[in-house]
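Only one structure is covered here, and it is reproduced in the block below.
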Amino acid sequence: MKFAEIHIATAAKTDSAFQASLLLSLRKIKWVGARLIFIGCTAFGVITGVGLYLMAPFFSYWFFGDLRFWKYAGMGPKLIGYAYTMAYRYLKGEFSPQVSLTAPPMSKPDLRLVQINSAWKNGDSCADCGKCCTKIDCPLHEKTNGHCMGYDAFYWRYFNCGRYPTNQKEIDWYACPKWIMKP
Ligand code: SF4
Ligand code: SF4
């Protein structure tokens, strides 16, 4: 069994490679569907404008993990600008490798690939660094306290943030002081 299948087989408490493979395929379909719905709705929303209002609870849930969209109403213009900028950067290939539609959502990087730099003194925490969020001028980055307003929400887990970093190029691009690649 491959790593992903072993992981799923363990979670589902099955020894059957076939069942694990089937479960993984079903999950991949779910992940692809969730991403396509998000991308489609975001494109519809930012192109039409009115779509953002019609789907406000969904956007609130996707970005902030909270259906109470009225709490984030003031962030609409910033998020629209951010969506256009990110779409342009994705198309330019600035984020490479791009997150595959079939990739599992993640809330931490793949620790088979990366480790915390021994020179980093804050353990798991990013402390008050915020270099990566500042570099892309992310509107979810609270400048006053450095917190991420979308931490562990759908967008965070299904796209780049929850799985960062995945390679040396990313670490260099953000000048991240915390992560290094495993030898
Ligand atoms: S650049 Fe690295 S240390 Fe700084 S906030 Fe981002 S992940 Fe954390
Ligand atoms: S971690 Fe949060 S604030 Fe930073 S780039 Fe990702 S979504 Fe934006």
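Here are some notes:
- Among the residues making up the range 138-150, none is out of contact with any helix residue (DSSP H, G or I) (no Cβ under 8 Å at 6 or more places or on another chain) and touching a residue at least 40 places away in the same chain (Cβ under 8 Å).
- Every residue from the range 133-181 that is within 21 Å of Tyr72 (Cβ to Cβ) and over 15 Å from the mean Cα position of the chain (by Cα): Thr134, Asp137, Glu142, Lys143, Thr144, Asn145, Gly146, His147
- Those residues of the range 131-183 which are of a type in the set (S, T, N, Q), in a helix (DSSP H, G or I) and either at pLDDT 95 or above or more than 22 Å from Ile39 (Cα to Cα) (or both), in sequence order: Thr134, Gln168
One line per residue, one yes/no per condition, for (1) among the basic types (Lys, Arg); (2) assigned to a helix (DSSP H, G or I); (3) within 16 Å of ligand 2 (Cβ to nearest atom); (4) within 22 Å of Ala34 (Cα to Cα):
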site: Met86; (1), (2), (3), (4): no, yes, yes, yes
site: Leu101; (1), (2), (3), (4): no, no, no, yes
site: Lys121; (1), (2), (3), (4): yes, no, no, no
site: Cys126; (1), (2), (3), (4): no, no, yes, no
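The values are calculated or read from the model by the stated rules, or taken from the named source; none is laboratory data. Keep in mind that this is a model prediction, so the values were computed, not measured. Because the Cβ atoms are built from the backbone with ideal geometry, glycine has one as well, and the counts that use them run over all protein chains shown.
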